[in-house]
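Read through the structure below, which is laid out as structure tokens, and then see the notes.
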Amino acid sequence: MFRSLLVPLDLTPASDRVVGRVAHLPVAEGAQITLLHVIPRSLPPRAQRRAAADARKALAAKATSLARTLPKGIEVEPIAAVGDPAGEIAKRAGTLGVELIVMGRGGRRALRDTFLGSTAERVIRRGQLPVLVVRLPPRGRYRRPALALDLDQAAGRVVELLIRVLPRPSPSVAVIHAYDIPYRGMIYPSLSEDDAEEYEEEYRERALREVQKLLATSLSKAKVASIDAPSWKLHVRDGSPRIVIEKAVRKGGADIL
């Protein structure tokens, strides 16, 4: 269970869905949850002071509301700061030693965001901590998780984080992996249709074995007991990851990716 969370809020109505999701996460007794709002440094000093007062008031109300939904012994601290949002979030996360950042992704973007991405995307790209991006209002704990994996060094950490986020007993997980078949579409006169099918099946079986090995190794390294391990539903398909992942998520009605 998580012992330290950082929850950046922009204090728009969409913030409520982020706070609502935190209430459904597995948080340990005695955990520290920090609600953070970052006031733009570009505001004039007088406006900054007024904005800070408004932010502290709004954060205090959200902290009180969230604390009511959590088990006793969990501390919720509101903080209003001034600075660059992505930089301040990263700095606070490091100072507080948090295990997870939970934040929203705004729908409307300024011109600057068109080129640099949303604040959530900039925080993710810094790559220092896992970030849970909340887009929709929560309806309860996660029940239809999807796990998109590449066969890289980060994959094991992704599996471990998913196990921590899911409720117990763990629901079945759709595991999605997209692979590429080299030289697809190239025609050689001496190769029959059966040869091409055999070649494609060989790549599919190889990808399937590698995904199964990765899942088993990740659970072992994370010391996940068999009773706590989820069941896997494998979706191993050839094609573009963007297309394969989106299709599997829509088909399964996933509530977290």
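The values are calculated or read from the model by the stated rules, or taken from the named source; none is laboratory data. None of the values given here were measured: they were computed from a predicted structure. With ideal geometry, Cβ positions are generated from the backbone for all residues, glycine too; neighbour counts draw on all protein chains shown. Side chains included, ligands, DNA and RNA excluded: accessible areas come from the protein's heavy atoms. Shrake-Rupley method; radii C 1.70, N 1.55, O 1.52, S 1.80 Å.
Per the conditions (1) of a type in the set (D, E, K, R); (2) modelled with pLDDT under 85; (3) under 29 Å from V22 (Cα atoms), the sole criterion not satisfied by R184 is (3). Residues of the stretch 22-37 that are within 21 Å of T119 (Cα to Cα) and open to solvent by 20 Å² or more (accessible area, probe 1.4 Å): H37 alone.
For P40, the conditions (1) open to solvent by less than 50 Å² (accessible area, probe 1.4 Å); (2) in contact (Cβ under 8 Å) with a residue 12 or more places away in the chain; (3) more than 26 Å from L162 (Cα to Cα) all hold with the exception of (1).
Can you find even one residue in the stretch 63-77 that is within 18 Å of the chain's Cα centre (by Cα) and open to solvent by less than 50 Å² (accessible area, probe 1.4 Å)? Among the residues of the stretch 63-77, not one is within 18 Å of the chain's Cα centre (by Cα) and open to solvent by less than 50 Å² (accessible area, probe 1.4 Å), which makes the answer no.
Residue-level check: of (1) in a helix (DSSP H, G or I); (2) in contact (Cβ under 8 Å) with a residue 12 or more places away in the chain; (3) under 26 Å from R139 (Cβ atoms); (4) of a type outside the set (S, T, N, Q), K247 misses just (2).
If you check R17, R50, R46, which single one turns out to be touching a strand residue (DSSP E or B) at 6+ places or on another chain (Cβ under 8 Å), open to solvent by 10 Å² or more (accessible area, probe 1.4 Å) and of a type in the set (D, E, K, R)? Please lay out each step first, then the result.
Values: R50 fails: touching a strand residue (DSSP E or B) at 6+ places or on another chain (Cβ under 8 Å); R46 fails: touching a strand residue (DSSP E or B) at 6+ places or on another chain (Cβ under 8 Å).
On inspection, the qualifying residue turns out to be R17.
Is there any pair with a first residue in the stretch 202-214 that is within 13 Å of D152 (Cα to Cα) and a second that is part of a helix (DSSP H, G or I) whose Cβ atoms are under 6 Å apart and which are 6 or more apart or on different chains, and what are they? Short answer, once both residue conditions are applied: L214/A155. Across the stretch 242-257, the qualifying residues are those that are closer than 22 Å to Q153 by Cα and open to solvent by less than 70 Å² (accessible area, probe 1.4 Å), and the one among them that is farthest from the chain's Cα centre (by Cα) is V244. In the stretch 44-55, the residues that are under 10 Å from V82 (Cβ atoms) form Cβ pairs under 8 Å with partners that are open to solvent by 100 Å² or more (accessible area, probe 1.4 Å) and not in a helix (DSSP H, G or I), at six or more places apart or across chains, as follows: Q48/R41.
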